[in-house]
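J.: Next up is a structure, given as C-alpha cells.
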Amino acid sequence: MSKKFNIFLTVLFCAFIGGMGVISLLLPDKDFSELENRYLQKPPKLSLETLSSGKFMEDAEDYVSDHILGRDFWVAAKAWSERLSGKKENEGVYFGTKDTLINRVKDPDPAKLNKDMGYLDALVGNVDVPVYFGLIPSAAEIWADRLPKGAPTADEKAVIDQLYFSTGASTIDLYGALSAHSGEDIYYRTDHHWTSLGAFYGANAIFEALGMEPLKLEDFQKTTVTDQFYGTSFSTSGVRWLPPDRIDTYVPDDGVKVTSWFNGSPQEGSLYVDGKLAVKDKYAYFLGGNQPLCVIETEQTNAPKALIIRDSYTDSLAPFLTRRFSEIHLFDLRYNLTSIRDYVEEHDIDTVIVLYSFANFTTDDKLFLLGR
C-alpha cells in the first residue's frame, strides 16, 4: 500500500468523522427517541463543579452519542455486529429463541431486600385490612428455555420463595400460575411486560389467594387491537430484525368509570386509550400509561374495594380485576407520596395488594413509602 494511498485513507476518515460531527452539531436537537423509547441527553452544563467532578465530560459524551447523525442506524448496526460475532446479548437483552428478546435480571441486593420487606411488614401492621403480596416473575424465569445456553440471570424463584417465607403479608402464587402456562404467549417477545393472556392467569392467581371464584377464559372474546407493537426490549437492544408483537384485549370497557390523576388532578380516563396505539409506546394503551393514581369503579356493587400498590404490569391486569371488585385503586409509589394507611381509611378499602414485577421490586427505591 503506497504512502499516498495511506494519506488518502487518513484524510477520508478524518473528513468523515469531522463531517459527521459538524452536521450533528448543526442539526436541531431531539428531546425524545421514539425508536428507543427514551429521553435523550440534554446539552451539558459547564461549571467549576461539573468540570471538577467529571460530570461535564460524562454528560458531553452522552450528548454527542445521543445526537450523532444517523444514530438509529448506528444503534441497529451495533446490535447486528454483536449477533454476527456470535454474542447472545446486547445492552442487557438476550437474543432468545422463537424471535424472543429477554431482559437479563440482575441478582438482587440482599440488604435492600431485607429493608424493603421490613417496609412491607410495617404496612401490614399499619392497616386494619388484609395485605397481600405478589411478585410477578419475568420472562427470563418462566421462559428460561428460550434463553441462550448458560445465560446468567437471577434465580427468581428462589428469591420469591425466600421473600414469601419471611413476610407477614399473605402471598399470591404468581410463579405457579404463570409457569403452568409457560408454553403459551404470556409475555411479549419484544417487551418485558406480560401479555393480556399472562395478565389473565395472574388475575386468577390473585382471586385464588383472596378466596374468590376464578375467571374462565372461554367467557371472553379476544380482540387484537394492533399487530405492530415493538416494546422496551426492542428499543433497548438495538435489534431491528424481529417481527412485531400484537396486543390483545379480552374484557370490554363498558360498565366501568375510570378516573385518572396524570397531573395531580382528576380527569376522566379509560381502561383502553386508542390514541396510544398510534405511538411507539403502545403498551400505554392500557389505562393511558403510568400515573400516580387511577380509580376504577365497576358494576360489582356488592364486591370489595381493593387498593393495589402497583407497577406497569397492573395496567393490563386491571380489566380482569373489574370482574371481582367494586372499586380498584391503583397507587404508584414512584409518583404518589400519600400515606397508604390514611388512604385505606379515607376510602374504606377492604384489601391491599402489593403487586410488582420481580425486576421492579428488587430495584425500586420508593418502597420505604409502604411503611408510612
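The values are calculated or read from the model by the stated rules, or taken from the named source; none is laboratory data. In this text the structure is predicted, and so the values were computed from the model without any measurement. We place every Cβ from the backbone using ideal geometry, glycine too, and count neighbours over all the protein chains shown. Accessible surface is based on the protein model in full, side chains and every heavy atom, while ligands, DNA and RNA are left aside. Shrake-Rupley method; radii C 1.70, N 1.55, O 1.52, S 1.80 Å.
J.: Could you derive backbone 3J(HN,Hα) for the stretch 181-188 from the dihedral phi with the Karplus parameters 6.51, -1.76 and 1.60 (θ = phi - 60°), listing whole Hz in sequence and x where the residue is Gly or Pro?
T.: Once rounded to whole Hz, the list reads 10, 5, x, 9, 7, 9, 10, 6.
J.: Using θ = phi - 60° and the Karplus relation 6.51 cos²θ - 1.76 cosθ + 1.60, list the HN-Hα couplings for the stretch 318-323 in order, rounded to whole Hz, with x at every Gly or Pro.
T.: Here the 3J(HN,Hα) series is 3, x, 6, 5, 5, 7 Hz.
J.: What FRET efficiency comes out for the pair residue 278/residue 97, r = Cβ-Cβ distance, R0 = 41 Å, nearest 0.05? Intermediate results must be reported in sequence, preceding the final value.
T.: Details: r = 31 Å, r/R0 = 0.77.
So, using R0 = 41 Å, E works out to roughly 0.85.
J.: How much length would be gained if the chain were fully extended between residue 217 and residue 122, taking 0.36 nm per residue of separation minus their Cα-Cα distance, in nm to one decimal? Mind dumping the intermediate values first?
T.: Working: separation 95, 0.36 × 95 = 34.20 nm, distance 3.67 nm.
Roughly 30.5 nm would be gained on extension.
J.: With each pseudo-label sitting 7 Å past Cα toward Cβ, what's the residue 182-residue 226 distance in nm, one decimal?
T.: It works out to 3.1 nm between the two label points.
J.: Along the Cα-to-C-beta direction of residue 254, a point sits 7 Å from the Cα; which residues of the stretch 204-222 have their amide N less than 17 Å from that point?
T.: Under 17 Å, as judged by backbone N against the label point of residue 254, lie 219-222 of the stretch 204-222.
J.: Right, here's the next one. Under a plain spin-label model, where a point goes 7 Å from the Cα along Cα-to-Cβ, how far apart in nm are residue 339 and residue 114?
T.: So the two model labels end up 2.9 nm from each other.
J.: OK, next. Give me, ordered by chain and number, the residues 5 or more places off residue 169 or on other chains with an amide H under 5 Å from its own placed amide H.
T.: none
J.: Next question. Non-local amide H neighbours of residue 353 (under 5 Å, H modeled in plane, Pro and chain starts lacking H): which ones?
T.: Amide H to amide H, under 5 Å and 5 or more residues apart or across chains, residue 353 pairs with 132, 307, 308, 309.
J.: Ranked by accessible surface with a 1.4 Å probe, highest first, in what order do 368, 361 come?
T.: Working: 368 100, 361 0 Å².
Final ranking, largest accessible area leading: 368, 361.
J.: Follow-up question, since we're still on this one. Compute, for residue 223, the solvent-accessible surface of its heavy atoms (probe 1.4 Å) with the complete set of protein chains present, and express it in square angstrom to the nearest 10.
T.: Surface accessible to solvent at residue 223 totals approximately 70 Å².
J.: Using modelled amide H (1.01 Å from N, peptide plane; none on Pro or chain starts), what sits under 5 Å from the amide H of residue 95, excluding residues fewer than 5 places away?
T.: Distant-sequence amide H within range of residue 95: 89, 90.
J.: Ordering 217, 120 from largest to smallest accessible area (1.4 angstrom probe), what's the sequence? Walk me through the numbers before you get to the answer.
T.: Working: 217 55, 120 0 Å².
The most accessible residue leads, giving 217, 120.
J.: Give the accessible surface of the stretch 182-332 per residue, rounded to a whole number of Å², with probe radius 1.4 Å and ligands, DNA and RNA excluded.
T.: Working: 5760 Å² over 151 residues.
Heavy-atom accessible area per residue stands at 38 Å².
J.: Here's something else I'd like to know. For a quick check of understanding: with a 1.4 angstrom probe and all protein chains in place, what accessible area in square angstrom does residue 329 have, to the nearest ten?
T.: 0
J.: Is the shape of the stretch 153-240 best called rounded, prolate or oblate, per the rule: a/c under 1.5 gives rounded, else a/b larger than b/c gives prolate, else oblate, with a ≥ b ≥ c the square roots of the Cα gyration tensor eigenvalues?
T.: oblate
J.: With a 1.4 Å probe and all protein chains kept in place, how much accessible area does residue 276 have, in Å² rounded to the nearest 10?
T.: The accessible area comes out at roughly 70 Å².
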